[in-house]
Amino acid sequence: MKKDLLSIADLNRKTVEHLIEQAWRMKKEGATPLLSGRTLALLFEKPSLRTRVSFEMAMYQLGGHSIYLSPEEVGLGKREAAADIARVLSRYVDGIAARTFSQETLHILAGNSSVPVINALSDLEHPCQALSDLLTIYEKKGRLPGLTLAFIGDGNNVANSLLLSACLVGMNFHLASPPGYEIKGEVLSQGKRFAIRSGSQIQLTNDPYEAAKDADIIYTDVWVSMGQEAEAKKRRRTFSGYQVGNKLLSLAKRDVLFMHPLPAHHGEEISTGLLDDPRSVVFDQAENRLHLQKALLVKLLSNPKVSGK
Ligand code: CP
Ligand code: NVA
């Protein structure tokens, strides 16, 4: 049976730990042609730098090939129905990495595709980012369970995937967001279920200083995600007290890591110059997208292709 990665909730702790180990090994060993002859389609409804380039380089370094399909080219759900696109692509390629607005589109793609579908960011989740971030944390701290990650800002796609992955591997997760921007619904319920098993603690607060206290990692993301441009003015006002800078970092542990998935808005969600602070690991994070996704692609795309559906 083909396997998809649409949400962190599709994974278990053992698989996440295995992916991190494999990615770490691949980072040390460099390129090996484990996916020789395989092709990945990159089906994107939104812009990207890191996700597109890291997936393309991952396939190249694994001896495979990738095809980037831009929003204008495909017209996902406009020029052609998502279900039909999935059925057509399955006849050509061995995997689909899709960046969509709605999570529902990913489910339609996966439900109609005979090849694995990977969530390359949706409005609900960004699982490849969160898994790569666990690799970065593991690399820097030498362990995951028991560490505390404090996410300051919007309870968005990146925060959702981080909450789920932290709770899966036994890390504590704090979120400080303005009222109304918390993590909620099924993501929070699933996170709590994971936390019961792993021993993670979840703290949701409106106070960034409370969340940052004694944290091992301070993490933030943009206040206006792709697709929320119409709310930009209101969001900038609402989030203005949630900027990450020196004051917040000084409340965390002395060896705190500062993380951000990028792109960053200097002087908005982060103080100007923060990316160059010695505590910042944001460019290691960006690099690790490549290594983690190589491990993921080998896991999902190694099996022989099931013929058309
Ligand atoms: N972090 C991340 O996914 O970056 P891109 O939007 O540039 O792919
Ligand atoms: N939350 C951001 C993440 C970008 C990588 C967005 O969805 O635009």
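The values are calculated or read from the model by the stated rules, or taken from the named source; none is laboratory data. Quantities reported herein were computed from a predicted structural model and do not represent experimental measurements. We place every Cβ from the backbone using ideal geometry, glycine too, and count neighbours over all the protein chains shown. SASA here: full protein model, heavy atoms, side chains in, ligands and nucleic acids out. Shrake-Rupley method; radii C 1.70, N 1.55, O 1.52, S 1.80 Å.
General observations
- Put simply, the amide H of residue 203, placed in the peptide plane, has neighbours under 5 Å in 173, 174, 175, leaving out anything fewer than 5 places away on its chain.
- Cross-link pairs exceeding 28 Å between alpha carbons, from the set 46/299; 2/27; 3/27; 14/213: 14/213.
- Extreme residue, positive dipole direction of the chain, given options 117, 147, 271 (C-beta unit charges): 117
- The mean of 1/r over all distinct Cα pairs in segment 242-285, once inverted, gives the Kirkwood hydrodynamic radius of 10.6 Å.
- Computed Rg/Rh of segment 139-282, alpha carbon atoms with Kirkwood Rh: 0.94
- Residue-averaged [θ]222 nm for the chain, counting only DSSP H segments that reach four residues, each worth -39500 (n - 2.57): -13000 deg cm²/dmol
- Bridging of residue 192 to lysines at a Cα separation below 17 Å is possible for 184, once same-chain residues fewer than 8 apart are set aside.
- Cross-link reach list, aspartates and glutamates versus residue 294, counting only Cα pairs under 19 Å and skipping chain neighbours closer than eight places: 4, 10, 17, 21, 29, 56, 94, 133, 139, 284
- Among the trypsin sites (Lys or Arg not before Pro) within segment 200-283, those in coil by DSSP and having at most 10 neighbouring Cβ atoms inside 10 Å are 254.
- All distinct Cα pairs of the chain go into the 1/r average, and the inverse of that average, the Kirkwood radius, is 19.6 Å.
- Per residue, the solvent-accessible area of segment 109-160 (1.4 Å probe, heavy atoms of protein chains only, all protein chains present) comes to 19 Å².
- Residue 173 accessible area, assembled protein chains, probe 1.4 Å, Å²: 0
- A simple charge model with +1 on the Cβ of Lys and Arg, -1 on the Cβ of Asp and Glu and nothing else charged puts the dipole of the chain at about 660 debye relative to its Cα centre.
- Centre-to-centre separation between the Cα atoms of segment 75-96 and those of segment 165-237: 33 Å.
- Whole-Hz Karplus values for segment 93-104 come out as 10, 9, x, 10, 9, 10, 10, 10, 6, 8, 5, 4 Hz, taken residue by residue from phi with 6.51 cos²θ - 1.76 cosθ + 1.60 and θ = phi - 60°; glycine and proline positions read x.
- The Rg/Rh ratio for segment 171-250, using Cα coordinates for both the radius of gyration and the Kirkwood hydrodynamic radius, is 0.99.
- The trypsin sites (Lys or Arg not before Pro) found in segment 3-89 that occupy coil by DSSP, while having at most 12 further C-beta atoms within 10 Å, are 78, 79.
- Partners for residue 234 among aspartates and glutamates (Cα-Cα distance below 18 Å; same-chain residues under 8 apart left out): 154, 182, 221, 268, 269
- In the chain, taking the dipole from charged Cβ atoms about the Cα centre, the farthest positive-side position among 20, 228, 176 is held by 20.
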